[in-house]
Amino acid sequence: MTEISTSRPISATPPASRPVQTVAEAAVKLLQPINGLLSAGESADAEVVSVKESAQNSFQVLLKLTLNGGQQATVEASSNRSLAQGSLINVTAVSETKLMVALQPGGTAALDSIDLDQLPVGTLVQGKVVSSEQLAEARATVYRSLINLINTPLAGRQMAVEGPLPLPLGSLLSAQVQSSQSLQFLPLSAQLDQLALTQQLANQQSRQGSLEGLVQALKGMGDELPSNLRGTVDRLLNSLPDAAQLSDSKLLAKAMENSGALLEARLLAGHGAALGQDIKGNLLRLIAQLLPNLPNGPAALPTAGASNAMAQALPAFIRSALGSLGQASARQQALSFPLPSRLAQQAEGEGDLELLLKMAAAAVSRLQTHQLSSLAQSQMTPEGNLLTTWQLELPMRNNQDIVPLQVKVQQEQSPQKRSKEEQKDTLWRIELAFDMEPLGPLQVQAQLLRGAISSQLWAERARTASLIDGELPNLRERLVSAGLEVSELACRQGIPPQGPRTNLQQRWVDETA
């Protein structure tokens with residue numbers, strides 16, 4: 001995709017001295033022979049790129065032909081009728097210098113302005129580039145592009161835009177409505193390549209496995225582990241926080257920093273020396289040290305289970321298309337919260353170290369699923385606000401058990417720089433999910449806006465829901481003492497409703513699948 005740093009008004013077609021006529025069928029004369037592009041009687045789709053009145057009752061038109069093999073060619077012709085710039089037509093060759101032109105069904109002219117009643121300022125518009133041409137008569141370098149809209153009530157229509165850069169054919173773009181004549185294209189970093197991201201997310205989710213299974217396996221092996229692995233295993237186990245540590249705000253912040261969600265960012269920032277407690281970093285160290293300890297060394301990896309584990313752990317294999325079956329289901333599960341637990345099973349004839357390798361690689365994939373899910377949910381909302389998502393998992397020690405605490409934090413704010421007073425309008429959402437005995441599965445949802453908090457708690461067990469409901473007055477009192485205004489506080493039995501994907505997400509998948 002092309003990144004456009006500045007907005008440029010949508011090109012308005014200059015008014016002709018005569019009204020544009022609706023073309024039923026007309027003949028146009030080519031200024032140069034088509035040289036075999038079309039044989040007599042052969043047809044092709046075409047787009048009216050430009051129209052210019054050259055003389056009385058005569059118009060010079062520039063047509064872009066799309067031939068049957070997908071090849072494109074541009075031809076100039078003269079016509080006694082004015083064709084609507086941006087319209088889609090069908091041409092049939094009569095001779096080397098003559099074409100018959102017919103308007104395609106639904107081939108209306110491209111939009112050259114925005115109806116703000118349909119698309120208010122701030123609306124997110126998405127489209128696919130179908131053509132991009134440099135304007136010969138422009139003083140500066142200007143490219144005119146046609147974009148097929150794929151969302152909003154105008155989905156299916158074409159829009160003509162001008163900008164200083166050509167737009168790659170077939171690329172998907174996102175833009176925010178600035179006015180009736182102006183769009184602001186979003187930078188590449190904000191758009192994301194949703195298709196590639198979603199495919200990668202589905203791949204990682206299909207390979208992921210819960211960390212608690214690996215921890216229990218490591219504890220079970222004890223002294224049976226090779227001596228060179230024990231230090232790495234001890235470091236990994238000691239890096240897991242307990243419930244008491246997570247009740248302290250500073251220790252909680254440290255645990256979130258070491259959850260693995262920020263590993264790559266910290267490495268890029270040159271903080272590699274401070275990653276001794278990073279869970280993902282320790283998992284990758286464990287994988288690297290497990291490989292030489294396999295019964296036949298790294299050569300043992302071509303077995304199905306270990307080969308899959310290798311693919312999960314090493315970047316060179318992460319992009320491979322393993323486990324492509326059921327990706328649609330995996331994609332939906334990966335974007336759901338909380339991420340379902342999964343334990344890797346030992347295959348027949350698979351040794352203990354091979355199983356550990358598979359489980360460690362599956363745990364890395366689980367952390368990467370959270371990271372990719374964060375990216376997939378960070379986007380511009382249809383209202384033009386910037387939604388940033390952080391999703392991670394904290395393996396929490398609870399006596400002899402490991403309880404995965406899943407966390408999702410979202411920040412929704414205007415992308416414009418604002419005063420400190422206006423920054424109070426930032427909306428924060430947080431979701432927590434964990435399964436701890438004797439309470440059972442619990443989920444917490446909370447929203448914070450301008451110092452007011454509302455929260456709902458969901459417990460699957462009726463006894464737990466009743467217990468929490470009785471403690472809500474104490475929770476309200478503690479929130480108020482912390483300086484917050486409590487809008488809503490409730491506990492329900494069951495699980496939170498899972499809302500459908502937004503039209504925006506669905507459109508990206510439909511258009512690029």
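Quote the FRET efficiency, to the nearest 0.05, computed for Glu76 versus Leu197 with a Förster distance R0 of 30 Å and r equal to the Cβ-Cβ distance.
After rounding to 0.05, the efficiency reads 0.10.
Stretched out fully, how many nm does the piece from Thr141 to Leu37 gain, at 0.36 nm a residue minus the Cα gap?
Full extension from Thr141 to Leu37 adds 34.5 nm.
Note the full-extension length gain between Val94 and Ser454 as 0.36 nm times their separation in residues minus their Cα-Cα distance, in nm to one decimal.
Answer, rounded to one decimal: 122.5 nm.
Would you kindly state how much longer the chain becomes between Leu479 and Ser179 on full extension, computed as 0.36 nm times their sequence separation minus their alpha carbon distance, in nm to one decimal?
103.7 nm
Tell me, what is the percent relative contact order of the range 26-103, built from C-alpha pairs under 8 Å that lie six or more residues apart?
About 42 percent, as a whole number.
What order, most packed first, do the peptides 477-484, 355-362, 280-287 have when packing is the mean number of other Cβ atoms within 10 Å of each residue?
355-362, 280-287, 477-484
Can you give me the distance in nm between label points at Ala102 and Ser227, each placed 7 Å from the Cα along the Cα-to-Cβ direction?
Output for this residue pair reads 8.6 nm.
In nm, give the distance between the simple-model label positions of Arg463 and Glu437, each being 7 Å from the Cα along the Cα-to-Cβ direction.
1.3
If you bin every alpha carbon distance in the range 361-493 into 5 Å steps from zero, what whole percent lands in each bin?
Bins of 5 Å from zero give 2, 9, 14, 17, 18, 17, 12, 7, 3, 1 percent of pairs.
Can you give me the distance in nm between label points at Gln493 and Trp428, each placed 7 Å from the Cα along the Cα-to-Cβ direction?
Taking the simple label geometry, Gln493 and Trp428 are separated by 3.3 nm.
Quantify how much of the Cα-Cα distance distribution of the range 109-191 extends past 19 Å, in percent.
Here the tail beyond 19 Å accounts for 33 percent of pairs.
Read the figures in this text as sums done on the coordinates, not as results from a lab. Just so it is clear, the structure is predicted and the values come from calculations on it, not from any experiment. Methodologically, a virtual Cβ is constructed for each residue, glycine included, from the backbone with ideal geometry; neighbour enumeration extends over all protein chains shown.
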